[in-house]
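Undergrad: I'd like to ask some things about the structure below.
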Amino acid sequence: MNLVNVKKITLRKLEFSDCQRMIDLVNNKNITKNLLDRFPIPFTFKHAHRFIENTKTSQSATVFGIEYKGEYVGNIELMHGQDVYRKGAIIGYFIGEEYWNKGIASAAVKMMVDYGFKYLDFVKISALVFDKNIASQKVLEKAGFKVEGIFRKAVFKNEEYLNEIHYAVFSEDIV
Ligand SMILES: CC(C)(COP(=O)(O)OP(=O)(O)OC[C@H]1O[C@@H](n2cnc3c(N)ncnc32)[C@H](O)[C@@H]1OP(=O)(O)O)[C@@H](O)C(=O)NCCC(=O)NCCS
């Protein structure tokens, strides 16, 4: 299913034909410094292919490519909670740097949250953000997420400890 919104933003399944563009977008320290280490530099064809392959088979995540005006510009995913956490999910996303500050992530996060509540039956969607990542915090706050807590030195990234802010939004908050 494709989800389209008025700003010409579409969420759609990833295809193997997205591999090269994903490699171009992810091989950027300004992107990877704010992501899990499963997005390393260099981000190779093997990484991209395996990532897309997993989206086709995994039951534990829902992943979409983000299109802006018909171009693939980034990814967004919900990692499904397991066991007693199964009514919750954790959202993750990136947008290629050349497309930043056009409102794309803000729109995509709202669409993904609506999708998670409406079609995947989650009641809570969380986001874990490194405290220096102000752009992502703004995106989340615009989508209705609220801070639940700050976890000091929760992250060890690029040889540095980082504090992490936990955000969440609940299905009952979204009308
Ligand atoms: C975070 C990210 C997804 C934002 O994507 P985007 O499409 O540019 O986001 P939007 O345009 O919807 O909104 C960005 C907001 O942050 C603001 N912003 C951007 N850089 C900023 C900075 N350095 N300091 C303060 N605000 C900043 C923008 O002005 C905008 O706010 P506004 O709408 O109130 O003006 C993108 O920067 C990215 O992919 N970063 C690397 C990966 C990442 O951080 N993923 C999220 C992990 S939790």
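Undergrad: Going through I90, I76 one at a time, which residue ends up being surrounded by fewer than 20 Cβ atoms within 10 Å (Cβ to Cβ), assigned to a strand (DSSP E or B) and on the phi < 0 side of the Ramachandran plot?
TA: Going through I90, I76 in turn, just one is surrounded by fewer than 20 Cβ atoms within 10 Å (Cβ to Cβ), assigned to a strand (DSSP E or B) and on the phi < 0 side of the Ramachandran plot: I90.
Undergrad: Given the condition part of a loop (DSSP other than H, G, I, E, B), in contact (Cβ under 8 Å) with a residue 24 or more places away in the chain and on the phi > 0 side of the Ramachandran plot, answer yes or no: does some residue in the stretch 145-156 qualify?
TA: Within the stretch 145-156, not a single residue is part of a loop (DSSP other than H, G, I, E, B), in contact (Cβ under 8 Å) with a residue 24 or more places away in the chain and on the phi > 0 side of the Ramachandran plot.
Undergrad: With A135, A127, A107 as the choices, which residue is within 14 Å of the ligand (Cβ to nearest atom), among the hydrophobic types (A, V, I, L, M, F, W, C) and touching a Lys or Arg at 6+ places or on another chain (Cβ under 6 Å)?
TA: A107
Undergrad: Could you grab me the full set of residues in the stretch 113-138 that are over 12 Å from I174 (Cβ atoms) and touching a strand residue (DSSP E or B) at 6+ places or on another chain (Cβ under 8 Å)?
TA: Within the stretch 113-138, L120, S126, A127, L128, V129, F130, D131, K132, S136, Q137 qualify.
Undergrad: I've got another one for you. Does any residue in the stretch 106-119 that is in a helix (DSSP H, G or I) come within less than 6 Å, Cβ to Cβ, of a residue that is within 16 Å of the ligand (Cβ to nearest atom) and among the basic types (K, R) six or more places away or on a different chain, and which pairs are these?
TA: S106/K142; A107/K7
Undergrad: Same structure, new question: Do we have N101 as closer than 27 Å to N163 by Cβ, open to solvent by 60 Å² or more (accessible area, probe 1.4 Å), in contact with an Asp or Glu (Cβ under 8 Å, 6 or more places away or on another chain) and of a type outside the set (G, A, S) here?
TA: Working: closer than 27 Å to N163 by Cβ: yes; open to solvent by 60 Å² or more (accessible area, probe 1.4 Å): yes; in contact with an Asp or Glu (Cβ under 8 Å, 6 or more places away or on another chain): no; of a type outside the set (G, A, S): yes.
In short, no.
Undergrad: How do the helices (runs of 4 or more DSSP H) wholly within the stretch 8-69 filter down when requiring 1 or more residues that are in contact (Cβ under 8 Å) with a residue 40 or more places away in the chain and of a type in the set (S, T, N, Q): which remain?
TA: Working: elements: 19-26, 29-32, 45-57.
Helices (runs of 4 or more DSSP H) meeting the threshold: 29-32, 45-57.
The values are calculated or read from the model by the stated rules, or taken from the named source; none is laboratory data. Source: prediction; values computed, not measured. We place every Cβ from the backbone using ideal geometry, glycine too, and count neighbours over all the protein chains shown. The protein model used for the area step is the full one, side chains on, heavy atoms only, and it has no ligands, DNA or RNA in it. Shrake-Rupley method; radii C 1.70, N 1.55, O 1.52, S 1.80 Å.
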